[in-house]
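Structure, as structure tokens:
The values are calculated or read from the model by the stated rules, or taken from the named source; none is laboratory data. Predicted model only: the values in this text are computed from it and were never measured. Methodologically, a virtual Cβ is constructed for each residue, glycine included, from the backbone with ideal geometry; neighbour enumeration extends over all protein chains shown. With ligands, DNA and RNA removed, areas are computed over all heavy atoms of the protein, side chains included. Shrake-Rupley method; radii C 1.70, N 1.55, O 1.52, S 1.80 Å.
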Amino acid sequence: MISFDSDAVANILAEKATFESEDDEAACKKLVKELSSEEQEIAATSSYAYWLATIATKDDLGLALNRDEIRMRFAIREARRHYVGQDRDFNKALAFMKEAISLRVEYRVDLIRWIHAANNLDSTDLSVQEQDIVKKYRDFVVEELQRQLTVTTGLGRDNQAVVIRFPRTSPETEMESFLIAQIYIAERGCAATEYHTRGQKEQLIAVADYANYSSANAPPMLSLRESMSKLQRIYTERLSKMIMSEPPFWMRMLYNLLSPFLAEKTTKKIAMVSGDVEKKATFDDIMDVEKPLPLMNQDLTMSADGFDVEAYINQLMYETLEES
């Protein structure tokens with residue numbers, strides 16, 4: 001079994017979703033009622049804390065869980081993200097939520113959460129076939145992180161997870177391993193925010209380092225497009241801020257051309273920064289720039305020399321480099 005802080009998980013399970021209005025809450029409850037009981041369960045497991053509770057014993061949590069009530073609570077949280085993400089269009093939200101649930105089943109996101117224990121699964125309830133999938137997924141993630149390191153480095157000012165992506169070092173890409181690695185990365189960021197805010201927040205901050213970027217190492221456009229589409233469906237409304245550090249000139253130009261056609265809520269999340277002044281002003285909004293996060297230097301450049309990928313993936317999903 002997985003060892004975790006049962007008090008922290010219990011606090012998260014007790015946290016109720018907040019809504020902008022009573023109408024929003026009613027709509028989200030209605031969305032969940034449109035799902036089968038199996039779909040409700042999968043929607044609820046979008047929460048790492050809820051998933052931990054499902055594999056734990058009551059003694060692990062120190063309380064008798066009201067499984068049905070908590071399942072509904074976390075399924076409604078997932079419904080709210082889709083409802084808000086689809087501008088409160090009920091039918092679109094329901095369709096997209098069902099698609100996200102199907103993708104979670106197709107890619108066995110539940111098994112991705114076992115990757116840290118891939119070499120010690122005999123004491124779990126996983127079947128031999130499931131254990132083999134976990135081990136395969138671990139290999140995928142190791143390979144992909146060695147090609148393009150992307151890690152939950154630490155926490156921002158409000159305890160949201162900060163995920164840093166370094167430039168890719170090889171164009172070699174296998175679609176399945178690429179997508180599984182992206183899901184793993186997103187799962188860790190979401191789990192870290194949930195855990196460290198005790199369920200009060202659910203978004204992460206992404207930082208993309210382009211200082212040594214080479215387009216020759218970029219993955220195929222098809223892989224990018226397909227994975228982005230699926231990630232956007234599964235992790236709707238999970239991104240708080242995207243900071244692109246030292247982007248190439250062509251990327252800035254492309255963004256300037258496209259930004260007038262993007263929704264305002266999207267453009268507010270994106271920041272392209274170059275040079276000390278821009279970087280300090282932008283990063284200061286999300287963290288203490290006098291105390292840079294792991295893998296960030298004092299001048300806010302980034303470095304991952306000698307990074308131990310194996311040690312990183314041995315961590316629980318909600319752990320960050322600050323806890324290493």
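Carbon-plus-sulfur fraction of the accessible area of region 183-324, 1.4 Å probe, in percent?
The value for region 183-324 is 55 percent carbon and sulfur by accessible area.
If the cut-off is 23 Å between C-alpha atoms, which lysines fall inside it for residue 279, apart from same-chain ones fewer than 8 positions away?
241, 265, 268, 269, 291
Once Lys and Arg get +1 and Asp and Glu get -1 on their Cβ, which of 134, 79, 119 lies farthest toward the positive end of the dipole of region 29-138?
The one lying farthest along the dipole's positive direction is 79.
For region 76-154, report the accessible area per residue in Å² (1.4 Å probe, heavy atoms, rounded to an integer). Each step should come with its number before you reach the end.
On the way: 3320 Å² over 79 residues.
The answer is 42 Å² per residue.
What's the local net charge at residue 12, with K and R +1, D and E -1, over the other residues with C-beta under 13 Å away? Mind showing how you got there, number by number?
Numbers: positive: 16, 73, 77, 198, 201; negative: 5, 7, 15, 194, 202.
Summing Lys and Arg as +1 and Asp and Glu as -1 gives 0.
Specify whether the C-alpha gyration tensor of region 172-324 places it in the rounded, prolate or oblate class, a ≥ b ≥ c being the square roots of the eigenvalues: rounded for a/c under 1.5, otherwise prolate if a/b is larger than b/c and oblate if not.
Numbers: a/c = 1.24, a/b = 1.07, b/c = 1.16.
Taking the square roots of the gyration eigenvalues as a ≥ b ≥ c, region 172-324 is rounded.
Rounded to the nearest percent, how much of the accessible area of region 1-104 (1.4 Å probe, protein heavy atoms only) is carbon and sulfur? Please list the in-between numbers first.
On the way: 2190 of 5050 Å².
In region 1-104, the share of accessible area belonging to carbon and sulfur is 43 percent.
Indicate the gyration tensor shape class of region 82-172 (rounded, prolate or oblate), computed on the Cα atoms with a ≥ b ≥ c the square roots of the eigenvalues: a/c under 1.5 is rounded; otherwise a/b larger than b/c is prolate and the rest oblate. Provide the component values of the computation, followed by the final result.
Numbers: a/c = 1.88, a/b = 1.22, b/c = 1.54.
Oblate shape, in that a/c is at least 1.5 and b/c is the bigger or equal ratio.
What are the residues whose amide H is under 5 Å from the amide H of residue 207, where those residues sit 5 or more places off or on another chain and H is modelled from the backbone?
Amide H neighbours of residue 207, under 5 Å, 5+ apart: 163, 164, 165, 243.
Can you list the GluC sites (Glu not before Pro) in region 239-324 that are in a DSSP coil and have 13 or fewer other beta carbons within 10 angstrom?
Details: sites: 264, 278, 290, 310, 319, 322, 323; in loops: 290, 319.
Those that pass, being in a loop and sparsely packed, are 290.
Using helices alone, what [θ] at 222 nm do you get for the chain, with -39,500 (n - 2.57) per DSSP H run of 4 or more residues, divided over all residues and rounded to the nearest 500?
On the way: 15 runs with 165 residues, N = 324.
When only DSSP H runs of four or more count, the value is -15500 deg cm²/dmol.
Between region 1-21 and region 150-208, how many Å separate their Cα centres?
For region 1-21 versus region 150-208, the Cα centre distance is 20 Å.
Where only protein heavy atoms count, and the probe is 1.4 Å, what is the accessible area per residue for region 223-279 in Å²? Mind dumping the intermediate values first?
Values: 3380 Å² over 57 residues.
Per-residue accessible area for region 223-279 comes out at 59 Å².
Classify region 239-324: rounded, prolate or oblate, from the alpha-carbon gyration tensor (a ≥ b ≥ c, eigenvalue square roots; a/c under 1.5 rounded; otherwise prolate if a/b is larger than b/c)?
Details: a/c = 2.06, a/b = 1.70, b/c = 1.21.
Note, shape of region 239-324 comes out prolate.
Please report, in debye to the nearest 20, how large the charge dipole of the chain is about its Cα centre when each Lys and Arg carries +1 at its beta carbon and each Asp and Glu carries -1 there. Before the final figure, lay out each step's value.
Details: 39 positive and 54 negative charges, 178 e Å.
It works out to roughly 860 debye.
Each residue of region 197-202 in turn: what ³J(HN,Hα) in whole Hz from Karplus with 6.51, -1.76, 1.60 and θ = phi - 60°, glycine and Pro shown as x?
Couplings: 9, 6, x, 7, 10, 9 Hz.
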